[in-house]
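Enquirer: Structure incoming, see below.
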Amino acid sequence: MNPHALSILLSSLAVGTITTLSSSHWFLAWVGLEINTLAMIPLMTKMHHPRSTESATKYFLTQATASALILFSTITNAWATEEWTITTMNDSTSTLMLTIALTIKLGIAPFHLWLPDVMQGLNLTTCLILATWQKLAPMSLMIMTNHQLNTNLLITMAVLSTVIGGWGGLNQTQIRKMMAYSSIAHLGWMTLILSFSPSLTTLNLMIYLMLTSSMFLMMTTLNSTSINKLSTSWLKTPLLASSMMITLMALGGLPPTSGFLPKWLILQEMTKQHLGAVSTLMAMSALLSLFFYLRLSYAISLTTTPNTSNSNMTWRMTHNQMQILPTMITLTTMMLPITPTLLAMLN
């Protein structure tokens, strides 16, 4: 893609997200979401492949539906309350439509079906943007309106997301689809705690962004999109392959990695709210996700391909790319000891 066009599209992504994050008026927030969506479409179609065109079409249709619902819900709320402020969604019908619209935008179950198909048709860099940056604006709107959303609906969607996110990733061989189901499961954890502790949702989102970013950056460096390609990574770059294995354990939520931190705090808060059955179900569904992370770790570290690899052996990494990767890997593994500091910052 032309560098000037790419810089304009990335700037538009940033402007759209910042507009939504900084707005207190619903119309301005909606405009930011629209700028975000329209800047994402050309990034998806830059590969000039039928799969990427299909992904862009699916993404556009789902996001357009969600944007129309957001506009409809805010107009209905303004009609009932004469208020356009984001924090005054007092009409129950409008709140229900807004919840559905934001969950469609994020890809939370049962409105998740577009996300794995869209991510499968994109290159790894665009997948990284879709799985991380594109979650910021809708999630910020959910956090701003958390005290007005239906708690029972959010808990139901959260449990459904973690179960589907774990179950859907079990039988996949494509890593992009696995990461899509991983995203659905993590969004379920964020949605679960949203009504009780928005600061924990923010912490979970921050750690999810770091874990997913480091995972996609490593996949880009290794140029791996399937389990078969990933099995040759230990021969090419053992240090990066072992770092990827630790990142996968962090995504699964195993201590002492950073991924254990949000799950531990969320389950603690849910038991304080006397929701033991929901906590148990969430913990059990996290084991489903852990299984396919372990499957990927096994393919990376304990499998040697029986035949000669078709890919070029990278014996020396280029120095001009992925310079942020060591920092991301360090944050992925070593944030657990600074838990009190993070909680104090968020509260």
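Enquirer: Would you mind telling me which numbered condition in (1) crowded, with 20+ Cβ neighbours inside 10 Å; (2) in contact (Cβ under 8 Å) with a residue 60 or more places away in the chain; (3) over 16 Å from Ser55 (Cβ atoms) Gly107 fails?
Expert: (3)
Enquirer: Let me ask something else about it. Kindly evaluate Val118 against the criterion of being open to solvent by less than 20 Å² (accessible area, probe 1.4 Å) and part of a helix (DSSP H, G or I).
Expert: Yes; evaluated as a whole, the condition is true for this residue.
Enquirer: So, one more: Out of the residues in the range 15-39 that are of a type in the set (Gly, Ala, Ser) and surrounded by 14 or more Cβ atoms within 10 Å (Cβ to Cβ), state the one that is nearest to Thr125 (Cα to Cα).
Expert: Looking at residues that are of a type in the set (Gly, Ala, Ser) and surrounded by 14 or more Cβ atoms within 10 Å (Cβ to Cβ), I get Ala39.
Enquirer: Okay, next question. Here is a list of conditions, (1) over 15 Å from Lys177 (Cα atoms); (2) in contact with a strand residue (DSSP E or B) (Cβ under 7 Å, 6 or more places away or on another chain), and Gln120 meets all of them except one; can you say which number that is?
Expert: Of the numbered conditions (1) over 15 Å from Lys177 (Cα atoms); (2) in contact with a strand residue (DSSP E or B) (Cβ under 7 Å, 6 or more places away or on another chain), the odd one out for Gln120 is (1).
Enquirer: Among the residues of the range 264-280, which ones are touching a Phe, Trp or Tyr at 6+ places or on another chain (Cβ under 7 Å) and part of a helix (DSSP H, G or I)?
Expert: Of everything in the range 264-280, those that are touching a Phe, Trp or Tyr at 6+ places or on another chain (Cβ under 7 Å) and part of a helix (DSSP H, G or I) turn out to be Ile266, Glu269.
Enquirer: Suppose we keep only residues that are within 17 Å of Asn36 (Cβ to Cβ) and assigned to a loop (DSSP other than H, G, I, E, B) within the range 121-153. Which one would you say is farthest from the chain's Cα centre (by Cα)?
Expert: So the residue we want is Leu122.
Enquirer: Taking only the range 247-289 into account, find how many residues are touching a residue at least 40 places away in the same chain (Cβ under 8 Å) and either open to solvent by 70 Å² or more (accessible area, probe 1.4 Å) or not assigned by the TED database to the domain that holds Met334 (or both).
Expert: Count: 5.
Enquirer: Looking for whichever is aliphatic (A, V, I, L, M) and surrounded by 20 or more Cβ atoms within 10 Å (Cβ to Cβ) here; the options are Leu211, Leu160, Leu170, Leu153. Which one fits?
Expert: Details: Leu160 fails: surrounded by 20 or more Cβ atoms within 10 Å (Cβ to Cβ); Leu170 fails: surrounded by 20 or more Cβ atoms within 10 Å (Cβ to Cβ); Leu153 fails: surrounded by 20 or more Cβ atoms within 10 Å (Cβ to Cβ).
Every option except Leu211 fails the conditions.
Enquirer: Among what's in the range 290-327 and is open to solvent by less than 50 Å² (accessible area, probe 1.4 Å) and at pLDDT 80 or above, pick the residue that is farthest from the chain's Cα centre (by Cα).
Expert: Ser301
Enquirer: Does any residue in the range 1-15 that is farther than 13 Å from Trp133 by Cβ come within less than 7 Å, Cβ to Cβ, of a residue that is part of a helix (DSSP H, G or I) six or more places away or on a different chain, and which pairs are these?
Expert: Here the result reads Met1/Lys46, each pair linking the range 1-15 to a residue that is part of a helix (DSSP H, G or I).
Enquirer: Could you tell me which residue of the range 42-85 is modelled with the lowest pLDDT, considering only residues that are of a type in the set (Gly, Ala, Ser) and open to solvent by 50 Å² or more (accessible area, probe 1.4 Å)?
Expert: Filtering first and then ranking leaves Ala80.
Enquirer: In the range 1-38, which residues are touching a strand residue (DSSP E or B) at 6+ places or on another chain (Cβ under 9 Å) and of a type in the set (D, E, K, R)?
Expert: none
The values are calculated or read from the model by the stated rules, or taken from the named source; none is laboratory data. Source: prediction; values computed, not measured. Don't worry about glycine lacking a Cβ; one is built from the backbone with ideal geometry, like all the others, and counts go over all protein chains shown. Each accessible area value is taken on the protein alone, full model and side chains, heavy atoms only, with ligands, DNA and RNA left out. Shrake-Rupley method; radii C 1.70, N 1.55, O 1.52, S 1.80 Å.
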